[in-house]
Amino acid sequence: MEELLADSQEDTRQVSITLKNRKVYVGFVVRTFDPAYDRKYVVILPTMSGYRAESTHRLTFDTDYTRVYQALIAEDESRLVRGVEDFQVVVPVSEVVSANLFDWEAYQRFNEPFGESL
């Protein structure tokens with residue numbers, strides 16, 4: 001997980017992090033954990049969040065942070081710089097069930113109704 005998060009931060013790619021409580025955050029890694037030190041958390045700037053259904057684990061998004069960011073920046077461009085600090089989410093590594101790279105276009109294709117052509 002450490003390598004995945006570090007690579008996504010270096011390449012500015014989004015990750016999806018699922019927590020023990022089934023909450024899911026998708027976003028950009030701002031700071032990753034370091035097992036060599038006592039830093040056992042990941043900081044992300046979320047672009048979306050949601051949850052996994054208890055029985056099927058199917059992902060449902062219920063919050064689109066990007067629309068809020070865009071509106072705030074349109075009102076005050078200085079919010080772009082402050083936004084990282086204002087909206088970052090600190091996730092304890094001990095709460096992470098899974099993490100993976102996230103690609104919105106691939107996600108949409110995988111979630112088309114079964115039988116539709118890709």
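The values are calculated or read from the model by the stated rules, or taken from the named source; none is laboratory data. Values in this document were obtained by computation on a predicted structure and should not be read as measured data. Here the Cβ positions follow ideal geometry from the backbone for every residue, glycine too, while neighbour counts run over all protein chains shown.
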Of residues in the range 1-25 being of a type in the set (A, V, I, L, M, F, W, C) and out of contact with any Ser or Thr (no Cβ under 8 Å at 6 or more places or on another chain), the one surrounded by the most Cβ atoms within 10 Å (Cβ to Cβ): 19
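Residue by residue, here is whether (1) surrounded by 14 or more Cβ atoms within 10 Å (Cβ to Cβ); (2) modelled with pLDDT under 95 holds:
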{"residue": "34", "(1), (2)": "no, yes"}
{"residue": "46", "(1), (2)": "yes, no"}
{"residue": "54", "(1), (2)": "no, yes"}
{"residue": "68", "(1), (2)": "no, yes"}
{"residue": "79", "(1), (2)": "yes, yes"}
{"residue": "107", "(1), (2)": "yes, yes"}
{"residue": "110", "(1), (2)": "no, yes"}
Restricting the search to the range 48-73, which residues are polar (S, T, N, Q) and touching a Gly at 6+ places or on another chain (Cβ under 9 Å)? 49, 60, 63
